[in-house]
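The values are calculated or read from the model by the stated rules, or taken from the named source; none is laboratory data. It should be emphasised that the depicted structure is a prediction, and the values quoted were computed from it without experimental measurement. Quick reminder, even Gly has a Cβ in these numbers, built from the backbone with ideal geometry, and neighbours come from all protein chains shown. All accessible areas refer to the heavy atoms of the entire protein, side chains included, with ligands and DNA or RNA removed. Shrake-Rupley method; radii C 1.70, N 1.55, O 1.52, S 1.80 Å.
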Amino acid sequence: MKVFAEAPTGSDLLEVPCAERNGILEMMSMRRDPFAFGDDRLARFGQVSGLNALGIQMVIAAGPRAADEILMNRDKAFANGPAWSYFIGPFFNRGIMLLDFDEHRHHRHILQQAFTPSALKGYMQEMQPMIADRIERFPTGDVKLFSEFKALTLDVALEVFLGVELPKRDADKLNQAFIDTVRAGVAYVRKPVPGGRWWKGLRSRKVLEEFFYENIPAKRARETPDLFSVLCHAESDEGDTFTDADVVNHMIFVLMAAHDTSTITMSQMAYRMAKSPEWQQKAYEQSMELNPELGYDDLGKLSVIDAVMKESLRMCPPVPAQPRMAIKDTSVQGYFVPKGSFVSVPQLTNHRDPEFFTNPDMFDPERFSKERAEDKGHRMAWMPFGGGVHKCIGLYFGQMEIKTILHHLVRGYEWSVPDDYQIPMDYSSLPVPKDKLPVSLRRR
Ligand code: HEM
């Protein structure tokens, strides 16, 4: 069998098995159906395997134990910057996820000020009435729920993070710019050919930069309770502040990170609840026991929505895999990984590991109950928010927003899909429904 790289002479490290066939075909099959791709890899090679395509050499290291080794990064052998930059660098330049080690710690420390419990409570107060109002005005009949969720999360982000109200035309322009920057990251043609994904991504980055730079003077002039303002006024212990460029880079990255991930999660939840209406009913009954207006402390009482959310995040993690780069010769699970290799942690595959999850392809929110707690079998068994120092900084914000939206949705509406409907997914970037999830939405 072909090997990824020969282990150094005299070492007792194993050599990573590698596909014989053209790596581009492998890459294409991964994008077409990453679940089947993951199964096929496990069957052919086991948990650690190699891939050479499009100028990158990648080791895919499945299983929670490999995830732990890579993400906890005790030996500082893996870096985010060079790995994520390959995919999204030109569009999300110097976003926090692309920084490493001391520099990452420094920036994350400042950014954390925007995600403290008291900051979250403040966001909740702002978000709650806006979400209630918007959901009250949802259209009924044949509705593309993915599009509705996307518009709503963008509005929430604009209000809570930017503290601005934009005319619809400008909000749409920003929305499209985010979509194009995210899609550009997985372009096959990685050059600015006019009309192509890469080209659109670069143009969209400019649109976003112009928007944030234009708004900085007003934010620096007056403190307001939004992320944009917090970043403009944040000061480290040594008295360092973010430059305008830092603020712009972090704002663009955080908005992107907050927007698609939550929309994808809610769409998956709505899809699963349409296929299993008993869960819609249970969520409805529980939400009706609470006030329509949800407080921060009520979030913990939404155990049904919580279980559906966790199961949806397990079955379709919005970030399906996390790349890193080996910055020195190292090893994963006893396999030799040479410096310069990309390493991928495939949570989409890990979330279906039968060692931890019974009937992994079945929608079964009860697996998260206290009695079963299948997610607790290993600290990286269920890891939609990643792990280690780069673990999602917005995980509480994201869950708060998702639960609040679903609380209002189940109270006000029921929805269904035809019995034979299967959501057609596009996995070429973050996993989104190709058809935007059409449902029949009725008022209760
Ligand atoms: C369901 C929703 C979400 C999911 C599944 C998710 C997933 C993730 C994952 C897997 C990572 C780690 C990537 C890596 O280590 O390579 C990450 C990082 C990050 N997320 Fe999220 N995310 C969600 C929502 C949010 C929200 C709402 C925000 C902001 C409000 C946010 C901001 C970030 C940031 C800033 C990072 C980078 C952190 C760092 O590098 O230090 N995310 N997210």
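Remarks
- Some residue of region 81-104 being surrounded by 21 or more Cβ atoms within 10 Å (Cβ to Cβ) and touching a Pro at 6+ places or on another chain (Cβ under 8 Å): yes
- Those residues of region 252-276 which are assigned to a helix (DSSP H, G or I) and over 16 Å from the mean Cα position of the chain (by Cα), in sequence order: Ala270, Tyr271, Arg272, Met273, Ala274, Lys275
- Here Val160 meets each of (1) open to solvent by less than 20 Å² (accessible area, probe 1.4 Å); (2) more than 24 Å from Glu214 (Cα to Cα); (3) among the hydrophobic types (A, V, I, L, M, F, W, C); (4) modelled with pLDDT under 95 with one exception, condition (2).
- The listed residues are Ser29, Ser49, and the only one of them that is part of a helix (DSSP H, G or I) and more than 19 Å from the chain's Cα centre (by Cα) turns out to be Ser29.
- When region 121-135 is filtered for residues that are closer than 16 Å to Gly163 by Cβ and either in contact with a strand residue (DSSP E or B) (Cβ under 9 Å, 6 or more places away or on another chain) or within 14 Å of the ligand (Cβ to nearest atom) (or both), the ones remaining, listed by number, are Gly122, Tyr123, Met124, Glu126, Met127.
- Of all residues in region 389-412, those being surrounded by fewer than 20 Cβ atoms within 10 Å (Cβ to Cβ) and of a type in the set (Phe, Trp, Tyr) number 1.
- Within region 252-279, if we keep just the residues that are surrounded by fewer than 21 Cβ atoms within 10 Å (Cβ to Cβ) and away from the ligand (no atom under 16 Å from the Cβ), the residue that is nearest to Val207 (Cα to Cα) turns out to be Lys275.
- Some residue of region 280-297 being within 15 Å of the ligand (Cβ to nearest atom) and either farther than 23 Å from Leu395 by Cα or out of contact with any Leu (no Cβ under 6 Å at 6 or more places or on another chain) (or both): no
- Restricting Glu126, Glu69 to those that are farther than 30 Å from Met266 by Cβ, in contact (Cβ under 8 Å) with a residue 12 or more places away in the chain and in a helix (DSSP H, G or I) reduces the list to Glu69.
- Within region 374-387, the residues that satisfy the criterion of being open to solvent by less than 30 Å² (accessible area, probe 1.4 Å) and either near the ligand (Cβ under 9 Å from one of its atoms) or small (Gly, Ala, Ser) (or both) are Ala381, Met383, Pro384, Gly386, Gly387.
- Against the list (1) open to solvent by less than 30 Å² (accessible area, probe 1.4 Å); (2) assigned to a loop (DSSP other than H, G, I, E, B); (3) among the charged types (D, E, K, R), the condition Asp420 fails is (1).
Yes or no, residue by residue, for (1) in a helix (DSSP H, G or I); (2) in contact (Cβ under 8 Å) with a residue 12 or more places away in the chain; (3) closer than 27 Å to Arg108 by Cβ:
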site	(1), (2), (3)
Glu165	no, no, no
Val189	no, no, no
Arg203	yes, yes, no
Ala218	yes, no, yes
Phe228	yes, yes, yes
Cys232	yes, yes, yes
Ala245	yes, yes, yes
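- Pair list, Cβ under 7 Å, 6 or more apart: region 75-96 residue touching a residue at least 40 places away in the same chain (Cβ under 8 Å) and acidic (Asp, Glu), other residue away from the ligand (no atom under 11 Å from the Cβ) and open to solvent by less than 50 Å² (accessible area, probe 1.4 Å): Asp75/Thr330
- Of all residues making up region 70-83, the number that are within 14 Å of the ligand (Cβ to nearest atom) and over 18 Å from the mean Cα position of the chain (by Cα): 6
- Residue in region 281-290 that is within 25 Å of the chain's Cα centre (by Cα), in contact (Cβ under 8 Å) with a residue 60 or more places away in the chain and open to solvent by less than 50 Å² (accessible area, probe 1.4 Å) present: yes
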